[in-house]
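Just below is one structure, and these are the notes that go with it.
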Amino acid sequence: MSIVAGNWKMFDGPDPHALAGLDAIVCPPYTRLRDCVAAGLTTYAQNVHWEPEGAYTGEISAPMLLELGVTGSLVGHSERRQLFGETDEGVARRTAAALEAGLHVIACVGETLEQREADETQAVLRRQVSVLDEHERLVIAYEPVWAIGTGLTATPEMAQTAHAFIKSLLDVPVLYGGSVKPDNATGLFEQPDVDGALVGGASLDIDSFRAICEAARSRS
Ligand code: 13P
């Protein structure tokens, strides 16, 4: 099984109808969720709060997403952790509430360059994964922070090592994210513990995203 998800981040993204029929998940900004659902795409939000409702300005709850026809959500993306102060505890609460409500979750983990160079990768991954519990609707995305949007990709061997370590902690599928492009996707998908990809920039381009989906399909 290979899972390919496209994280559009805070970009408007492609026309959802142009993606119809693609075996992939899309994670558009909140304003495009309805369009993507209407186009028949498997649609995830980019974040979800742990409370069903309340005085939480700027947040969205799992029941609200489900009402829109959304299937799941990313949680704990490194941009949320680094730029918006999200903690492991918050990631745990968001994940547990979303799963409890019936959503699927892609929980993101990954080390910074500084942490990798200090040989702390495993300790960081252990800490980030330790707050999550195994669940049939939970997937982890390993996204080394230094590889996101930089054009630097982890080598297939580096990804494999990290994925095998994560799976030794929690028995769930693990996607790789960080500068996945059509020309490096096949090498990553060849690794036994790389169960798919979470694609940022290349998911905004229909041809690139389709090529990555095809690379995933020819592996599975
Ligand atoms: P890029 O593919 O643009 O490096 O982004 C990866 C990512 O953050 C996906 O969530």
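The values are calculated or read from the model by the stated rules, or taken from the named source; none is laboratory data. Please read these numbers as outputs of a predicted model, since none were measured by experiment. Positions of Cβ are backbone-derived with ideal geometry, glycine not excepted, and every protein chain shown enters the neighbour counts.
Points to keep in mind about this one:
- Check on Ala45, modelled with pLDDT of 95 or more, in contact with a helix residue (DSSP H, G or I) (Cβ under 6 Å, 6 or more places away or on another chain) and over 21 Å from Phe209 (Cα atoms): no
- Residues being β-branched (Val, Ile, Thr), closer than 21 Å to Asp12 by Cα and assigned to a helix (DSSP H, G or I) - total across the range 150-208: 1
- Restricting the range 147-184 to residues that are more than 26 Å from Ala98 (Cβ to Cβ), touching a Gly at 6+ places or on another chain (Cβ under 8 Å) and among the hydrophobic types (A, V, I, L, M, F, W, C), the residue that is surrounded by the fewest Cβ atoms within 10 Å (Cβ to Cβ): Leu152
- Selection from the range 98-115 of residues that are within 16 Å of the ligand (Cβ to nearest atom) and not in a strand (DSSP E or B): Gly110, Glu111, Thr112, Leu113
- Residue within the range 5-14 that is assigned to a loop (DSSP other than H, G, I, E, B), under 18 Å from the mean Cα position of the chain (by Cα), surrounded by fewer than 19 Cβ atoms within 10 Å (Cβ to Cβ) and of a type in the set (A, V, I, L, M, F, W, C) present: yes
- Qualifying residue in the range 53-71 (condition: closer than 17 Å to Tyr142 by Cα and free of Cβ contacts under 8 Å to residues at least 60 places away in the same chain): no
- Sole residue being touching an Asp or Glu at 6+ places or on another chain (Cβ under 8 Å) and either of a type in the set (Phe, Trp, Tyr) or closer than 16 Å to Leu170 by Cβ (or both), chosen from Ala107, Ala96: Ala96
- Some residue of the range 86-101 being at positive phi and either over 14 Å from the mean Cα position of the chain (by Cα) or of a type in the set (Asp, Glu) (or both): no
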